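*Asks:* Structure provided below as structure tokens; questions to follow.
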Amino acid sequence: LYLLIFGVSIIILECLLSNASVGNHCLIVSLQIGEKSLFTKELENALERNEVDLVVHSLKDLPTTLPPGFTIGAVLKRENPFDAVVLHPKNAGKTLDTLPENSVIGTSSLRRAAQLKKRFPHLDFKDIRGNLNTRLKKLDEKDDFAAIILAAAGLKRMGWESRISQILSPDDCMYAVGQGALAVEVRARDTDILEMVSVLHDSDTVLRCIAERAFLRHLEGGCSVPVAVYTEVKDSQLYLTGAVYSLDGSDSLKETMQTGITDLNKVTEVDERVQRVGVTASKISGPAQDGAERLGIDLANLLLSKGAKEILTVARQLNDAR
């Protein structure tokens, strides 16, 4: 067994190996660089050439429509999906609310900037690029930024949870589709690999992420436009809040819908060839998955009926022109 481990916890590998024997299969885990994995396409190429048998990604990096022949065979239990504020050392003890007027906040995310500009109009937001190490170094060693915004899950997985000064609530900043969840991508035809990794599925996370991905796909959104979500499973109900924003956050639409997900643990025969927004989860209730997907589509249709397409089109055009 050959392991090339980049940027995610060894716990994932231990979990895989403790649940199934993979013989001589090769595992590659992707390296996270900033907001997006640089190696998603390269790893999928290796998967297609049978050089590796599975790849681990941050789910938010994977498009809602995967290339033909690939599927997400496992979605692991979600880490904290919210965004975190990391303050410059000189601002220790402050929050975004209490930072001085015109303090500069670093983020490369259109989604974060759009929401936070509206919520904290006394702050200025500027792009910051690079991996976590690079961003933290730019923050700590210069005076360009009063704080930066990063995914709490990434900081925690890297062992840097102590750097988190503030976790942003859904009222401050809803998160990206799939944020905080890890996905195992495999070849759709490899039923033995699908069976092996299926034990890693977390039911609540799968249903939440199916709803989120269906919402994003139906909106025809992506990383070039500000789209945000918040999901929750409570009392056999799946709640999905979704929103779209203009680049400056001045124009937005936000709605919440819910659906029942009873009989979650009662698994009927589910066709393992069926994918829902790229996810194959044959051991999770088919009706519950269908309900989650329909929820995402229905919420997207509601926002589209209220003008979401126009907001996203303008946002995309302005972003492309930058």
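*Asks:* Of 199, 206, 177, which residue is among the β-branched types (Val, Ile, Thr) and over 13 Å from the mean Cα position of the chain (by Cα)? Show your work before the answer.
*Replies:* Numbers: 206 fails: over 13 Å from the mean Cα position of the chain (by Cα); 177 fails: over 13 Å from the mean Cα position of the chain (by Cα).
When all the criteria are applied, what remains is 199.
*Asks:* Would the stretch 98-108 turn up any residue that is outside any loop (DSSP other than H, G, I, E, B), buried (at least 17 other Cβ atoms within 10 Å of the Cβ) and among the hydrophobic types (A, V, I, L, M, F, W, C)?
*Replies:* First, the residues of the stretch 98-108 that are outside any loop (DSSP other than H, G, I, E, B): 104-106.
Pick out the ones that are also buried (at least 17 other Cβ atoms within 10 Å of the Cβ) and you get 104-106.
Of the ones still in play, those that are also among the hydrophobic types (A, V, I, L, M, F, W, C) are 104-105.
Within the stretch 98-108 (the criterion being outside any loop (DSSP other than H, G, I, E, B), buried (at least 17 other Cβ atoms within 10 Å of the Cβ) and among the hydrophobic types (A, V, I, L, M, F, W, C)), the answer is yes, since at least one residue qualifies.
*Asks:* Out of all the residues in the stretch 154-171, which are out of contact with any strand residue (DSSP E or B) (no Cβ under 8 Å at 6 or more places or on another chain) and either under 17 Å from residue 105 (Cβ atoms) or of a type in the set (A, V, I, L, M, F, W, C) (or both)?
*Replies:* Within the stretch 154-171, 158, 160, 169 qualify.
*Asks:* Continuing with this model, one more query. Please state which one of 172, 144, 140 is touching a helix residue (DSSP H, G or I) at 6+ places or on another chain (Cβ under 8 Å) and closer than 26 Å to residue 256 by Cα.
*Replies:* Exactly one residue qualifies, and that residue is 172.
*Asks:* Now, a different point. Go through the stretch 199-212 and count every residue that is more than 16 Å from residue 62 (Cβ to Cβ) and open to solvent by 10 Å² or more (accessible area, probe 1.4 Å).
*Replies:* Adding up the residues that qualify gives 4.
*Asks:* Also, I was wondering about something else. Give 48, 44 a once-over and let me know the one that is charged (D, E, K, R), assigned by the TED database to the domain that holds residue 225 and open to solvent by 20 Å² or more (accessible area, probe 1.4 Å). If you could, list the steps in order and put the result at the bottom.
*Replies:* Numbers: 44 fails: open to solvent by 20 Å² or more (accessible area, probe 1.4 Å).
After ruling out the rest, the residue left standing is 48.
*Asks:* Additional query: Within the stretch 51-66, how many residues turn out to be surrounded by 14 or more Cβ atoms within 10 Å (Cβ to Cβ), not in a strand (DSSP E or B) and not charged (D, E, K, R)?
*Replies:* So the answer is 6.
*Asks:* Tally the residues that are surrounded by 21 or more Cβ atoms within 10 Å (Cβ to Cβ) and at pLDDT 95 or above, restricting the search to the stretch 156-180.
*Replies:* 9
*Asks:* In the stretch 135-150, is there at least one residue being in a loop (DSSP other than H, G, I, E, B), in the same structural domain as residue 71 (by the TED database) and out of contact with any Pro (no Cβ under 9 Å at 6 or more places or on another chain)? Show your work before the answer.
*Replies:* Our first condition is that a residue be in a loop (DSSP other than H, G, I, E, B); within the stretch 135-150, this holds for 142-146.
The next check asks that each one be in the same structural domain as residue 71 (by the TED database); those that pass are none.
Taking every residue of the stretch 135-150 in turn, none turns out to be in a loop (DSSP other than H, G, I, E, B), in the same structural domain as residue 71 (by the TED database) and out of contact with any Pro (no Cβ under 9 Å at 6 or more places or on another chain).
The values are calculated or read from the model by the stated rules, or taken from the named source; none is laboratory data. Being a predicted model, the structure only gives us computed values, none of them experimental. Virtual Cβ from ideal backbone geometry, glycine too; neighbours counted across all protein chains shown. What goes into the accessible areas is simple: the full protein's heavy atoms, side chains included, and nothing from ligands, DNA or RNA. Shrake-Rupley method; radii C 1.70, N 1.55, O 1.52, S 1.80 Å.
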